[in-house]
Amino acid sequence: MSTTTVKEQSKTLASDAMKVSHLLGEIFSFNSSLKLIHWSVTGKGSYSAHIALDQAIGTLLDVTDRLVETSFAYLGDLNITIPETHKPADFVAHIEEFYHTMERRRELFTETFSQSIVDDYQEGIKQLLFRLKRLE
Ligand SMILES: [Fe+2]
C-alpha cells in the first residue's frame, strides 16, 4: 500500500514540470547554438559541416516539438524560458557535451513514449557527430 498523499503526488509532478521546463529551454538553446555554428563555420571541411548542421537542426527541431508537446500533454502547462545562446569556441566538444547532458537528464522523462522521443533526439546528435568527425 502506498502512503503517498495526493498533495505529495501533485508536489512531485510540479517539481518534475519545473525540471522538464528547464531542460526543454536548454534543448531549444542548444538547437539555436547549432544555427550560430552553421552560419559562422569556416575553413577546411566547413561546407560539409555547414550542410550537416542544417540537416541536424531540421531533425532536432522536429523532435523538440514532439517532446515539448507531449510534455505539455503529460505534465500540463509548462513555463519554458530559453537561455541566452552563444556560439561555442569548440563546437564538436559543445555538441558532445550536450549529448551527455541529455544522457544524464533523460530520466526526467518517465514514460516510454517520451523516452523514445529522447532516443530520437540523441540519435540526431550522434548522426551529426558522425558527419562532423568522419566526413569532410
Ligand atoms: Fe543556412
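The values are calculated or read from the model by the stated rules, or taken from the named source; none is laboratory data. These numbers come from a predicted model, not from an experiment. No Cβ is skipped: glycine too gets one built from the backbone with ideal geometry, and neighbour counts run over all protein chains shown.
Checked against the criterion of being on the phi > 0 side of the Ramachandran plot and either assigned to a helix (DSSP H, G or I) or not β-branched (Val, Ile, Thr) (or both), the stretch 32-46 has at least one qualifying residue.
Of the residues making up the stretch 19-48, those that are touching a residue at least 24 places away in the same chain (Cβ under 8 Å), more than 12 Å from the ligand (Cβ to nearest atom) and either small (Gly, Ala, Ser) or within 18 Å of LYS87 (Cβ to Cβ) (or both) are SER21, GLY25, GLU26, ILE27, PHE28, SER29, PHE30, ASN31, SER32, SER33, GLY45, SER48.
Of the listed requirements (1) hydrophobic (A, V, I, L, M, F, W, C); (2) at pLDDT 95 or above; (3) over 20 Å from LYS35 (Cα atoms), ILE82 misses just one: (3). Within this structure, ILE57 passes the test of being surrounded by 13 or more Cβ atoms within 10 Å (Cβ to Cβ), within 15 Å of the ligand (Cβ to nearest atom), β-branched (Val, Ile, Thr) and part of a helix (DSSP H, G or I).
Conditions (1) assigned to a helix (DSSP H, G or I); (2) under 21 Å from GLN55 (Cβ atoms); (3) of a type outside the set (Lys, Arg), marked per residue:
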| site | (1), (2), (3) |
| --- | --- |
| GLU69 | yes, no, yes |
| PRO83 | no, no, yes |
| PRO88 | no, yes, yes |
| GLU96 | yes, yes, yes |
| GLU103 | yes, no, yes |
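For the stretch 90-112, a residue qualifies if it is surrounded by 13 or more Cβ atoms within 10 Å (Cβ to Cβ) and not charged (D, E, K, R), and the qualifying residues are PHE91, VAL92, HIS94, ILE95, PHE98, TYR99, THR101, MET102, LEU108, PHE109.
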